[in-house]
Every structure is written in structure tokens, then in C-alpha cells.
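Chemist: Before I ask anything, here is the structure I am working with.
The values are calculated or read from the model by the stated rules, or taken from the named source; none is laboratory data. Predicted model, so just to flag it, every value in this text is computed and none were measured. Here the Cβ positions follow ideal geometry from the backbone for every residue, glycine too, while neighbour counts run over all protein chains shown. Calculation scope for accessible area: heavy atoms of the full protein, side chains included, ligands and nucleic acids excluded. Shrake-Rupley method; radii C 1.70, N 1.55, O 1.52, S 1.80 Å.
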Amino acid sequence: MPRTLGVCYYPEHWPEAQWATDAARMRDTGLTWVRIGEFAWSLMEPAPGTYDWDWLDRAVETLGNAVLKVVMGTPTATPPRWMLDKLPDMLAVDAQGRPRRFGSRRHYDFSHPGYREECRRIARAMGERYGRNPHVAAWQIDNEYDCHDTTLSYSDAARLGFRNWLAQKYQSPDALNRAWGNVFWSMQYDAFDQIDLPNLTVTEPNPAHVMDFRRYSSDQVVAFNRVQVDALRPLTDAPLIHNYMGRTLTFDHYRVGADLDIAAWDSYPIGFLSDRIEGTKKEKQTFLRQGHPDNQAFHHDLYRAVGKGRLWVMEQQPGPVNWAPYNPAPLPGMARLWAWEAFAHGAEAVCYFRWRQAPFAQEQLHAGLLRPDSQPAPALAEAAQVAEEIAQMPDLDQATGNVALIFDYESAWAWDTQPQGADFEMFRLAFAAYRALRRAGLSVDILPPDTGDLSPYKLVLAPGLMTLSDPLRAALATYHGIALVGPRSDLKTRDMAIPMPMGPHLPDTDVTVTLVESLPPSDRIRLQGGGAFRHWFEHLEGTAPVHLSTKDGRPAIMGGDHLRYLAGWPDDATFDGIIGGLCDAAGLPTLQMPDGLRVRDTATMRFLFNYGMTPVDWNGTTIPAAGVHWEARP
Ligand code: GAL
């Protein structure tokens, strides 16, 4: 698969006289793709039903004439102000009951049927206009679902939709009362229209109620997206894409992805390190201008699964962003490194955000490839370098990874709903496991929770899965590698209750979790032979062999040769030891990656990325700080 570069561009922000010069410069930089349109509804349809396509026609034409390919964005993340006059109740409502008003973006409620119709209309109108335009070679639907925490809304539309959703799911209030356990605290309902959204309760609402609301809300994102997919499909053969965000778990991305052709995500490594990744003070300092060395890779691997193998980075950080608590500039070389890392993980295209820094409005301090005065910003030369290198690089075919990590959105909602310990969070747990795999030099595939075939992998990790799906349970029953399930896996029913008999229900493996404990940051459960669990520990019972014990003799890992259960959350060094032992047992070679150096194998190539601030020697090659090295795969 050839790799390509692109950029995000807002022709409506610049005088038309500048477009052709911009386009020529993009082409000369070696860019292939230009994403446009995704926030321009107010210009496409200045008044209800009155379209103005002329400017957009000319923009597409100008870009196309420069041999650039357009990714056309549907503008549904920014409905124009007149939309509110038409649909006054279309705004989302926060958990405190306050409307989330006009004046920025994403001011809509996924549940609102009238707004969905408006989205269908504009998507269809755009499809009719540009669906067969030879320059429009891909589509982006909406922009970053859930950005600014917009999946969950407590509006009237959501309440009504939720009641209908519950009525369909349970058919009778009695069935719902039983499933939720509403006999507890006299919470029974006599009718579906008595049920409110789970906000503004006196103390915590029933977790089963919250879980159904989370499922309902996720379903609304899927349905909202599908409306535009259905509108566009008959009108274009170009691939349909959405640009997801990092560490966003509020909706089931696999289900949105099932309706689309490619999963893209927006990668802001430095912004992320600053405000979305836990880490020691030292890590935050060491990687301040590079981003966490595993964060980008994790999301590439996750979204490759969401995209059923097809991945893009739709927005790539080029310089300082404007939205994190602190916004340092990347080390020279990082805008190149991030792009190559994305390609090594399977991305077909990487588009920098944005072409030119805007001198006005909210994002005026967000860097682009050009400064506001059109002079080159530092990332422009790096983008040009990547473009030259791509041209020299043979096609990069993805290989199946050596190990698999199962990642599940519903489990994230479950543990969010009932964390039991302040530090228990699904992303954090999965990311801890992922980081350990990468420190061992392994190339990871992330798999959805209904995976039914584990046979390509010698090692599989399944941390934090609320309930094992039937296909996964069946796959585990016949698995010939080593699967490590847990902690906190298969311990709930789908109704968010403790199953009877108690879990986990691992095929042919007699292990039961009898009690769970969460631990404050000051506490550890020490393990025999060194190491410790943090945050979380489960008491195990059963006849399965014990592979690892706590210092005081309680089981820490139990199970057979192929299927084992992990009773706690290992600290980093302990995770390394556990994974090292499992890889040895599974016959999987590992590497000991120096700090900040990470490896990714494609079918034929080995890529090394140095996120560190100093050069690293690797088998006789010196990889500079913020540098990339590639060689034939051993
Ligand atoms: C993304 C968004 C872009 C822009 C960018 C700034 O979240 O999709 O429109 O706001 O962040 O970093």
C-alpha cells in the first residue's frame, strides 16, 4: 500500500486570490491530500434551504488543478446559528441540566431526530454536488465525535429516546426492574415513561441504569453517523471516513467503524502527554516535546482494528497546539517521526493540521505548516522530507503482530460507572499492558472483544473485560498460545451484576474471584520473587495451578498452560517480568528496548523510533534523538 501525506485546509479562512498559491505550495511540498469543508456549513447554506456551492466548487477545482486530492468533510459538527431558530431544542444538555450553547462548535445533541434530518439533508446535498467530482477522493463525516465531551447529553430528546430504547430492549418494566435489580432501594418502575436519565440523583444511580444509558448514548453516535453514511453511499464511490480522537471511550468505535471504510484519528502527541496521559514527573519532562513513546502507537493499533485494517491520521500535530494546559513546541524531527511511525503502523495517509496558522478566533495560537504570515513554520520542511522519503520507500505491507491485546469500550463504561477504586480506568489498564508489550519490542495488534480467532497470535492479553463475549470464550477454549485474562475480567453479567456462580468463567480453568480490593497509591501487594500489584487486587480460589503468588502466599496468577488469570494490576517492572515469562513460555522472542526507543515491524521492514532526547545505539547504528531508522526486517 503506498503511503501519502496531506494537510487540513480552510479555504473559507483566506482570500480566494491566495488559494492557487497555497495549492501549488502544497503540491510542491509533496502533499497528496487536502481535507476541507468540515466546519463550513454557514457558507454552504447561508440561509435555510439556500445553498451556495460556488465558492466550494472553485476551491475544489483550484486544489484539483494542482493535482491534489480532496477529502470532503460534512459540516455537521458546526450547525449554523439559524439552525437553532429552526430547532431550538437541538442543543445537548450537560449532567447539571445546563444547555451547551451556540458560540463554539459541536452544539448538537446526537439524539435529536430533527437535527439528524438536517444532517441527512446537507450530506445528501453535498453528495449530489461532489459525490462524482473527480477531485473528491474521500469523505470525512462530521468531525471528532465526542470532542468536548459531547456523547452524553441529558436533554429532553435523549430522555425520550432512552425510554423508547429501554422499552424495546426490555419489553416490560418488570423485566427491566429484574435486570437492573431495582428492588434495591425501592427503585422499581411501573412504566417506561417514569424513567429519567441517570443524572441529578441524590447519590449514585443504579450502575445498571447508567450502563444502559451509556449503551444508548453510544448507539446514538452509531445511528447519527449511519444517517450520513446512508445519504452518501449511493452518491459516491469514494471511501467514507471519520476522524476519531485519542483516549475517547464514550462510544463504541468498532460499531461506528463497521459502517465506514477507513478509521482516521487525530494525533496530538504533545498535547496528549500534557493533559491525557498519566506518567511520572520524569516521563512528562523527558517526553515533553515528543509525546509519550507508546501513545501514538497504541492509537494507531486500536484504530487499525476500528478501520478493519484501514487507517489514516487525519490530523497530525505540526507544532504547539492551543488547547493543552502547556503547549511546548516539538523537538526538531518529531513532525517527521510521528508521520513515519503512523506509516509503520499501517496508516495510508497522514495529514498535518493545519496548512496555515489562523490569525483569528479560537485556534490562533495553534501552529500550522505555515505561519500566519505564510512563511514556513518548522514542520513544513519535515513534511517535505517525509514526502521525499515516501517516494523512495517500497510499499509497506502490514504484518500480523506477534501479540494481541483485546480492547473493549463497553468495559470502559462499566469501570467508569463502578470504578471501585479511584485509579481504575480501562484505558489506563490496557495502556499499561500495551506499554509493557512494547518495552519487550513486540508489535501489537489490538482486537475487538468479539474476536473469535486468536490463532495468529502466540500471546494474547485480555485485561479488564467486563464480560467475555461468546466468540472470545469459544476462541479461548481451543487456543494453543498463551492467553492472560484479567485483572477484573469476566466478573459481571451484561446487566452489571455479579454472575452466579461467580466469575471468571474461563473454559476448563477452575478459578473464582471471591473478593476484590482497590488500593490507594501508597499501597502495594508484594509478589514472590519481587514486584508488586498496585491499584487493584483480587482474591482467587480454585483448583487451577498457581503460577505466581503474593509474598504472603496468595495466588496472583492461576490457570493452565494456555489460559491464565491475572489477579492484580502489575506495576511496570512486574508487567515486564510477567510478559517476559509468558513470551519465553510461548516461544516468542523479545527485545529489551532502551528508554524511549520503540520498534515496529511491517511485513518486510523494521522501524525504530527514538522518542528520547539523546541518541541511542541500536545494533551498531546510532539513532539520533527524535530520529527514525529503518532496515530490512530480521
Ligand atoms: C482537533 C479538531 C480540529 C482542531 C484541532 C486543534 O480536535 O478536530 O478541528 O480543533 O483539534 O488541535
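Chemist: Binning at 5 Å from 0, report for the stretch 278-383 what percent of all alpha-carbon pair distances ends up in each bin.
Modeler: P(r) over the stretch 278-383, rounded to whole percents: 2, 12, 20, 22, 19, 15, 8, 1, 0.
Chemist: Can you tell me the Rg and the Dmax, both Å, for the Cα atoms in the stretch 157-208?
Modeler: Radius of gyration, then largest Cα-Cα span, for the stretch 157-208: 10.6, 28 Å.
Chemist: While we're here: P(r) tail for the chain, what percent of Cα pairs lie past 33 Å?
Modeler: The share of Cα pairs beyond 33 Å in the chain comes to 48 percent.
Chemist: Another question, if that's okay. Provide the per-residue ³J(HN,Hα) series for the stretch 25-37, in order, calculated from phi with Karplus coefficients 6.51, -1.76, 1.60 and θ = phi - 60°, each as a whole number of Hz, with x at glycine and proline positions.
Modeler: After applying 6.51 cos²θ - 1.76 cosθ + 1.60, I find 5, 4, 4, 5, 6, x, 7, 10, 10, 9, 8, 9, x Hz.
Chemist: May I ask you to list the trypsin sites (Lys or Arg not before Pro) in the stretch 120-169 that are in a DSSP loop and have at most 14 other Cβ atoms within 10 Å of their Cβ?
Modeler: R132
Chemist: Let me ask something else. Would you compute, from DSSP H runs of 4+ residues alone, the mean residue ellipticity of the chain at 222 nm, taking -39500 (n - 2.57) per run and dividing by the full residue count, rounded to the nearest 500?
Modeler: -10000 deg cm²/dmol
Chemist: Normalised by the residues of the stretch 481-593, what does the relative contact order come to in percent, with Cα pairs under 8 Å and at least six apart?
Modeler: Relative contact order, the stretch 481-593: 27 percent.
Chemist: Share of the chain's accessible area from carbon and sulfur, percent, 1.4 Å?
Modeler: 52
Chemist: Nearest 20 debye, what's the magnitude of the dipole of the chain about its Cα centre given +1 on Lys and Arg Cβ and -1 on Asp and Glu Cβ?
Modeler: Dipole of the chain, to the nearest 20 debye: 600 debye.
Chemist: Rank Y9, A391, A344 by how far each Cα sits towards the positive end of the charge dipole of the chain (+1 on Lys, Arg Cβ; -1 on Asp, Glu Cβ) and give me just the farthest.
Modeler: So the residue we want is A391.
Chemist: Further, regarding this structure: Once you have a ≥ b ≥ c as the square roots of the Cα gyration tensor eigenvalues for the stretch 403-586, tell me rounded if a/c is under 1.5, and otherwise prolate or oblate according to whether a/b is larger than b/c. Intermediate results must be reported in sequence, preceding the final value.
Modeler: Numbers: a/c = 1.21, a/b = 1.05, b/c = 1.15.
It comes out rounded by the Cα gyration axes.
Chemist: Something else now. HN-Hα J couplings of the stretch 626-633 from phi, Karplus 6.51/-1.76/1.60, θ = phi - 60°, integer Hz, Gly and Pro as x?
Modeler: 6, x, 10, 9, 10, 8, 5, 5
Chemist: Mind checking which lysines have their C-alpha under 22 Å from K458, skipping anything on the same chain fewer than 8 residues away?
Modeler: K308
Chemist: Which lysines does K492 reach when only Cα atoms under 25 Å apart count, and residues fewer than 8 places away in its own chain are ignored?
Modeler: Of all the lysines, those that pass the test against K492 - Cα under 25 Å, at least 8 places apart if same chain - are K169.
Chemist: Any idea how far the Cα center of the stretch 507-568 sits from the one of the stretch 242-314, in Å?
Modeler: 30
Chemist: Still on this structure, I have one more. What shape does the stretch 345-404 have by the C-alpha gyration tensor, where a ≥ b ≥ c are the square roots of the eigenvalues, rounded means a/c under 1.5, and otherwise prolate means a/b greater than b/c and oblate the rest? Can you show the working numbers first?
Modeler: Working: a/c = 4.48, a/b = 1.98, b/c = 2.27.
Taking the square roots of the gyration eigenvalues as a ≥ b ≥ c, the stretch 345-404 is oblate.
Chemist: Cα centroids of the stretch 153-173 and the stretch 580-634: how far apart, whole angstrom?
Modeler: Taking the Cα centre of each part, the stretch 153-173 and the stretch 580-634 sit 50 Å apart.
Chemist: Calculate, for the chain, the solvent-accessible area per residue in square angstrom, rolling a 1.4 angstrom probe over the heavy atoms of the protein chains. Could the numbers behind the result be given before it?
Modeler: Details: 24040 Å² over 634 residues.
Value for the chain: 38 Å² per residue.
Chemist: Now, a different point. Quick check: Cα centre of the stretch 423-459 to Cα centre of the stretch 28-45, how many Å?
Modeler: When both Cα centres are located, 36 Å separates them.
Chemist: For the stretch 483-556, what class follows from the C-alpha gyration tensor (a ≥ b ≥ c being the square roots of its eigenvalues): rounded when a/c is under 1.5, otherwise prolate if a/b is larger than b/c, else oblate?
Modeler: In terms of gyration-tensor shape, oblate.
Chemist: So, one more: To the nearest 20 debye, what charge dipole does the stretch 395-507 have about its Cα centre, counting +1 at the Cβ of each Lys and Arg and -1 at the Cβ of each Asp and Glu?
Modeler: That gives a dipole near 440 debye.
Chemist: Rounded to the nearest 20 debye, what is the charge dipole size of the stretch 403-586 about its Cα centre when +1 sits on each Lys and Arg Cβ and -1 on each Asp and Glu Cβ?
Modeler: 420
Chemist: Do you know the relative contact order of the chain, to the nearest whole percent, from alpha carbon pairs under 8 angstrom that are 6+ apart?
Modeler: Worked out over the chain, it gives 11 percent.
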